[in-house]
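The next block holds one structure in the form of structure tokens; read it before the comments.
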Amino acid sequence: MERDDIIEYSLGAGHSEEQGRAIRKKIYFVTVLLTAITTFEVLLGVFWRSWMPNSWHWVKWTFIVMTVVKATYIVMTFMHLGDERRNIRSFILIPYALFLLYLIFIAIWESQYIHWALQTFL
Amino acid sequence: MSGEASKALSNTVLWGGGRSPFSVSYGKLMIWFFLVSDALTFSGLLVSYGFARHSLLPGVEWPVGEYVFSKFPGIEGEMPLMYVALMTFILIISSVTMVLGVEAGHRMDKKGVVKWLFLTIIGGLFFLSSQAYEWTHFIHGSHARVTLADGRTAYLEENPHHGETIDPATFAMTIGSTRSNEVVKGPEAYKLYQNAIHVTSGANMTENEYGPPAYANFFFFITGFHGFHVFSGVIINIVVLTMVMKGVFQRRGHYEMVEKAGLYWHFVDLVWVFVFTFFYLV
């Protein structure tokens, strides 16, 4: 029996020629941005010792922030999660973020303890 | 891009009105759930890598990415991080061609989808062969760590390739680290090398010349697991491309399968962004 109460969401995903042009423009913008960030990261990784020899801490955090920026653009534009309904966005990002933040916290906390224990008792 | 999802709806019809509150099809929702679980796996791997690195025995140093990965195929001398940067760039570009393919699919442009999907597959294959080069180089090693009879650590200036004999006249080692200025040369140095307690050349699962054993283990597991994802991504893309060329999606009326394959492909790129940062840069 054919069901008529199911909405075929897949069919609604298309867009017109004009919308396509705007989307492509956005894609090219993100491409340039991602390439620029990666280039900067590599240059920083190779030359930071001669540019600013005593600031590894800052360089490291620059890398991490830039990576998160890149990841945001990939997820929001390339995987177009940014254009989906807010429900699905929260459904995917919030549980993941909660779990990951806790994992990072507990790993840093415990590894510091182990490092300290090795240093003190070995 | 997602027409259905951008339609304005009142909240009252979302749950009770027979509409999914997500406004995406079953397949797309499920690929997202799969990607979340896969992301958790990769997060677990990268966090455990960080844990191992952070809890390191005092006095043991973790290898520096730009010293370990400093070779470019076909070019003599040091090119720190350049090859891995090229790999990253290729993967980003293949992600772009994929999203352009998805966009073409939304316009029911079959020719465009075929073109962009084909380029994506080429990019993926390029990345895979680059990784094969990287692994070969990593396993072979370039300096070989030598534990001398007096307990000092030395590194060969040039690790001989398999089957090559060492010429004592041009033989040289650096003492302490690969970057140290303390260099011993010639037949005397070669004698020290022959009397060495232990020589670690390249990398395997139990020891490596770069640093603690965990370093190579994490390298093999994380980049290997990612490489396997790229490999299966290429296979999926080939299957989808074949279906596109046979006109399956044109008949179906939508190219959502390309979009789902695309989500997986972007995810692979996303993971590489993090692997690149935490393995090669930080």
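Across segment B:262-282, the number of residues qualifying as more than 7 Å from chain A (Cβ to nearest Cβ) and either within 16 Å of B:Ala39 (Cα to Cα) or not hydrophobic (A, V, I, L, M, F, W, C) (or both) comes to 11.
Can you tell which of A:Ile37, A:Ile23, A:Ile74 is more than 7 Å from every other protein chain (Cβ to nearest Cβ) and either surrounded by 12 or more Cβ atoms within 10 Å (Cβ to Cβ) or aliphatic (A, V, I, L, M) (or both)?
Working: A:Ile23 fails: more than 7 Å from every other protein chain (Cβ to nearest Cβ); A:Ile74 fails: more than 7 Å from every other protein chain (Cβ to nearest Cβ).
Unique residue meeting the criteria: A:Ile37.
For segment B:67-104, filtered to residues that are among the charged types (D, E, K, R) and surrounded by fewer than 21 Cβ atoms within 10 Å (Cβ to Cβ), the residue that is modelled with the highest pLDDT is B:Lys71.
When A:Val69 is tested against (1) touching an Asp or Glu at 6+ places or on another chain (Cβ under 8 Å); (2) more than 7 Å from chain B (Cβ to nearest Cβ); (3) hydrophobic (A, V, I, L, M, F, W, C), only condition (1) is not met.
Here is a yes/no grid of residues against (1) free of Cβ contacts under 8 Å to residues at least 12 places away in the same chain; (2) touching a Lys or Arg at 6+ places or on another chain (Cβ under 9 Å); (3) surrounded by 20 or more Cβ atoms within 10 Å (Cβ to Cβ); (4) closer than 30 Å to B:Arg107 by Cα:
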residue	(1), (2), (3), (4)
B:Tyr190	no, no, no, no
B:Val199	no, yes, no, no
B:Tyr210	no, yes, yes, no
B:Phe225	no, no, no, no
B:Phe231	no, no, no, yes
B:Leu241	no, no, yes, yes
B:Trp265	no, no, yes, yes
B:Trp272	no, no, yes, yes
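Of the candidates A:Val32, A:Val65, the single residue that is among the β-branched types (Val, Ile, Thr), loosely packed, with under 12 Cβ neighbours inside 10 Å and under 15 Å from the mean Cα position of the chain (by Cα) is A:Val65.
Let's see how each residue does on (1) of a type outside the set (D, E, K, R); (2) within 18 Å of B:Glu209 (Cα to Cα); (3) more than 10 Å from chain A (Cβ to nearest Cβ):
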| residue | (1), (2), (3) |
| --- | --- |
| B:Ser37 | yes, no, no |
| B:Ser43 | yes, no, no |
| B:Tyr49 | yes, no, no |
| B:Arg53 | no, yes, no |
| B:Val60 | yes, yes, no |
| B:Val64 | yes, yes, no |
| B:Tyr67 | yes, yes, yes |
| B:Met79 | yes, no, no |
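Does B:Asp150 meet the test of being of a type in the set (Asp, Glu) and in the same structural domain as B:Thr277 (by TED's automatic domain parsing)? Against the criterion (of a type in the set (Asp, Glu) and in the same structural domain as B:Thr277 (by TED's automatic domain parsing)), B:Asp150 does not qualify. Is it the case, given these coordinates, that B:Ile93 is of a type in the set (A, V, I, L, M, F, W, C), out of contact with any Cys (no Cβ under 6 Å at 6 or more places or on another chain), part of a helix (DSSP H, G or I) and facing chain A (nearest Cβ under 8 Å)? It is true that B:Ile93 is of a type in the set (A, V, I, L, M, F, W, C), out of contact with any Cys (no Cβ under 6 Å at 6 or more places or on another chain), part of a helix (DSSP H, G or I) and facing chain A (nearest Cβ under 8 Å).
Per-residue answers, yes or no, for (1) farther than 29 Å from B:Arg145 by Cβ; (2) modelled with pLDDT of 90 or more; (3) in the same structural domain as B:Tyr67 (by TED's automatic domain parsing); (4) touching a Pro at 6+ places or on another chain (Cβ under 8 Å):
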site: B:Gly176; (1), (2), (3), (4): no, no, no, no
site: B:Pro187; (1), (2), (3), (4): no, no, no, yes
site: B:Ile235; (1), (2), (3), (4): yes, yes, yes, no
site: B:Val248; (1), (2), (3), (4): yes, yes, yes, no
site: B:Thr277; (1), (2), (3), (4): no, yes, yes, no
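So that you can scan it fast, the table gives a plain yes or no per residue for (1) assigned to a helix (DSSP H, G or I); (2) within 19 Å of B:Leu91 (Cα to Cα); (3) of a type outside the set (Asp, Glu):
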{"position": "A:Ile27", "(1), (2), (3)": "yes, yes, yes"}
{"position": "A:Ala36", "(1), (2), (3)": "yes, yes, yes"}
{"position": "A:Ser50", "(1), (2), (3)": "yes, no, yes"}
{"position": "A:Asn54", "(1), (2), (3)": "no, no, yes"}
{"position": "A:Met66", "(1), (2), (3)": "yes, yes, yes"}
{"position": "A:Ile74", "(1), (2), (3)": "yes, yes, yes"}
{"position": "A:Ala97", "(1), (2), (3)": "yes, no, yes"}
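Of the residues B:Ser177, B:Ser232, the single one that is among the polar types (S, T, N, Q) and under 21 Å from B:Phe274 (Cβ atoms) is B:Ser232. Reported count of residues in segment A:77-118, each being surrounded by fewer than 15 Cβ atoms within 10 Å (Cβ to Cβ), over 25 Å from B:Leu56 (Cβ atoms) and polar (S, T, N, Q), is 1.
Every test in (1) at the interface with another protein chain (Cβ under 9 Å from one of its Cβ atoms); (2) under 20 Å from B:Phe274 (Cβ atoms) is passed by A:Tyr28 save one, and that test is (2).
The values are calculated or read from the model by the stated rules, or taken from the named source; none is laboratory data. All values reported here derive from a predicted model rather than from experimental measurement. Cβ sites come from the backbone with ideal geometry, for glycine too, and all protein chains shown count toward neighbours.
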